[in-house]
Each structure stands twice: as structure tokens, then as C-alpha cells.
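Peer 1: Sharing a structure, written as C-alpha cells. Questions coming.
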Amino acid sequence: SHSWKYMLFTSVSYSYTKDDINWLEAPLDSNNIHYNPLALISYPINFGSSQNVSFNLSFNKELFSWWNVYVDCGASYDKINSSTIKQEINRENWGYNFMVNTDFTLPYKIHASGFYMYYSSNISGTSKDNGWEWFNASLSKSFLKDKLNCSFSLGGQLFKSKRYDESTYLHTISKSWNKDMGMQYSFSIRYKFGKFYQNKQVQKIQTEDFNDRAGGKTSGGSNQGGGK
């Protein structure tokens, strides 16, 4: 990993996993139950070995006093080698990811922010998905000396309304689809009740000098040097 002026960060990583644990999904088949291709059972096994090589680049900077931006992007290569009891599994995949988060401080104490994240396809064991994304934007403003805050936000998926996952093992192909609920909107009002006080600093008690407390008097009771 490397940092340039604490605003541009780069990293390269490699990992190797032996006896990687993954879940297999196969038709139900045992000595007591007849073979049924429509009934599936999932169970964990030591799937074999997996390798991952990834590169990541991120940027974080306050471009202006009113604008801050954070960007993160990367690419990764995954490879799985496995030899199960019934099938040899060798898979590989290239994946990409991108994320941006930005904040604005606008006039009249209006705060705006935007967020977007995207992940491409990914593999895990015998399954592979088509990736996912998420988007969110918000506006907020404070009133009455920052006691009242009103905010509006919307979020959802912009380009990919469906997420697809597929798992293949032996002669069984399992597929699933998840559909996004669509764009989501929210509006909130927050009000701060009561008063806020600044914590007082606790001052350290100063130890008085013995002569000051005694008023400069000697043990015989006479006043030395105009004592009090």
C-alpha cells in the first residue's frame, strides 16, 4: 500500500486460501430417500483452494471549504480450484467496483450529499451473481438557530433493477432473481428540545503556603514584617 500526500491511496494485494469452506447445493440423494431432482440440499464442504489478486485506488480531498469528495475504485481477479467427490470445479472471474461520496455546504446553511456504489459480477463456490449497485442523495437545512432540522433523501438503483444469482453443480442449475423495490423517498423533521450548556473546566485546587495561612506570625505570636 502507498499514500501520496494523504489524499491518494493505492494498494495491491494477493491471497491464497487452502481448504476454503463453501456451500454446495445438490439434488437430494441418499440410501433412504429416492433421487429427487426438485428437492435440493445445501451442505458445507472444504471446497478446495481459492486465489485472489486485487488492486485498489482511492482519493479523499476537501477540494474547497464547501466541497468534499471521496472516490474509491478497484479491480480483482478470483480463481477457484476444487476437486469434490463427484466433479472437478475450476472457475475464474474478473470483478470491478466503484464508489463515490460527496458533500456540499451550500448557502443559507443547506447541506447536500450524494453517494453511489457499484459492484460487478462475483463468484463464490459454485455460485455467481451479476453484481449490484446503490444510489442515495439528500438535502438538509437547519432553522431556529440549528434547533430545527429538515431533510429529504431518495435512494435506489439507477441502472440495475434486478439481481441475478446462479449456482451450478453436477447436473443441477439453480437460479434466483431479486427485484429492487424501486426508488425510495424519505422526509424527516428533527427538533432539539432543552438547553445546552458548555462543560465547566474543573480547576485544580491550589495548595496554600503555610506562612500565608499563618499570616506570617512566629510561634511566639509576634508580627513579623507587617503580617495580617
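Peer 1: With label points built 7 Å along Cα→Cβ from the Cα atoms of residue 116 and residue 4, find their separation and express it in nm.
Peer 2: If labels sit at residue 116 and residue 4, their model points lie 2.4 nm apart.
Peer 1: Which whole-percent values make up P(r) of segment 57-163 when all C-alpha to C-alpha distances are grouped in 5 Å steps starting at zero?
Peer 2: All Cα pairs, binned at 5 Å, distribute as 2, 10, 15, 14, 14, 12, 9, 8, 6, 4, 3, 2, 1, 0, 0 percent.
Peer 1: Give me the extension gain from residue 183 to residue 146: residue separation times 0.36 nm, minus the current Cα-Cα distance, reported in nm with one decimal.
Peer 2: Contour length minus Cα-Cα distance gives 10.4 nm.
Peer 1: Report the calculated FRET efficiency for residue 162 and residue 193 (r = Cβ-Cβ distance, R0 = 45 Å), to the nearest 0.05.
Peer 2: Calculated value: 0.50.
Peer 1: What is the distance, in nm, between label points placed 7 Å from the Cα along the Cα-to-Cβ direction at residue 88 and at residue 154?
Peer 2: Taking the two extended label points, one gets 5.3 nm.
Peer 1: Going 7 Å from the Cα of residue 123 toward and past its Cβ, which residues in segment 53-93 have a backbone nitrogen under 14 Å from where you end up?
Peer 2: Output list for this probe position: 53, 76-83, 88-93.
The numbers here are math on the coordinates, done by the rules we state, and not lab data. Quick caveat, the model's predicted, so the values are computed rather than measured. Quick reminder, even Gly has a Cβ in these numbers, built from the backbone with ideal geometry, and neighbours come from all protein chains shown.
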